[in-house]
Each structure stands twice: as C-alpha cells, then as structure tokens.
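The structure that follows is given in the form of structure tokens.
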Amino acid sequence: ISQVVPHRFPHNKEPGVLGVINVSGAISLCISLEKILQLTPVNKQLQSRSSSRFSRMIVMNREGFIIAFEVDHVFGLTWGAEQDILPLPDSMQKKSCKMAKGFLEWKRKQVLLLETSYLFETVQKWVM
C-alpha cells in the first residue's frame, strides 16, 4: 500500500480539514475524524506517528461530494437493522457526539455508528 500525503489548503482554519487527496483520479477532501469527533488517541504509538502520511483510508461519496479519512484498521463491512442499534449512553449525549448515531454489536464488541448525513453536512459547511 502506498502512503497518501494530503495537499494542504493555505489559510485553512478548520482543524478537521487536512487537505485534498487524489482517489482514482478524483480530488477528494481529506478530513480528520479524530479532530471532528474530538477524540484522543489511546495508544501513544498512534500519537507519535506522522499525521501527514496515511496508509489506510475510507472514502465516502454522497451525491458526488467525496470525503476520505484515515483509519487504523478495516475489519470488513457489516449490516444491521435499525432495531439492532443500541442507544448512546447519557455521557455521550453531548454536542461533540452529534455525529454518533448509536452502537451496533459486532463480534462481541460495540461499534460506534456515525450519522453520515450530519458528517457530510458539517464538512460541506466548512468548505463551501
């Protein structure tokens, strides 16, 4: 896997926007979910790595607006029914968790589900 280096925007004031990358010939906006969701790395090795080079990214397309973000691992895709979504705990019902839809049980673990429409709307406001 080749590493991707985002091309930064001059005078960018949004910490969640890292720049743009080339994905199969299309210009895609590169964002930091870590910064958007106000997460702190749990692993010190993750904190020390260079945030300017990515080897694994997820690319999402919503009506022609493409965003990409770094991930540590991709375990696969899964589907769940709406009734399988577990609610967020009260401690996560804050402003910073607007993009969290709930949890889904997957291989005996709880996986956070993002509200992708809110994510796209937020990112579009920053760049439009």
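The values are calculated or read from the model by the stated rules, or taken from the named source; none is laboratory data. Computed from a predicted model, the values in this text were never measured in an experiment. Cβ: placed from backbone, ideal geometry, glycine included. Neighbour counts: every protein chain shown. SASA here: full protein model, heavy atoms, side chains in, ligands and nucleic acids out. Shrake-Rupley method; radii C 1.70, N 1.55, O 1.52, S 1.80 Å.
What percentage of all Cα-Cα pairs in the stretch 60-128 are separated by more than 13 Å?
72 percent
W126 to M92: extension gain in nm, 0.36 nm per residue of separation minus the Cα-Cα distance?
Values: separation 34, 0.36 × 34 = 12.24 nm, distance 2.39 nm.
Extra length available between W126 and M92 comes to 9.9 nm.
Okay, moving on. Hand me the trypsin sites (Lys or Arg not before Pro) from the stretch 3-38 located in a DSSP loop with no more than 10 other Cβ atoms within 10 Å, in residue order please.
Hits after loop and neighbour filter: K13.
Still on this model: Can you tell me, using C-alpha contacts under 8 Å and at least 6 residues apart, the relative contact order of the stretch 69-128 as a whole percent?
RCO, the stretch 69-128: 23 percent.
What accessible area, in Å² to the nearest ten, does a 1.4 Å probe give for E82?
We get 120 Å² for E82.
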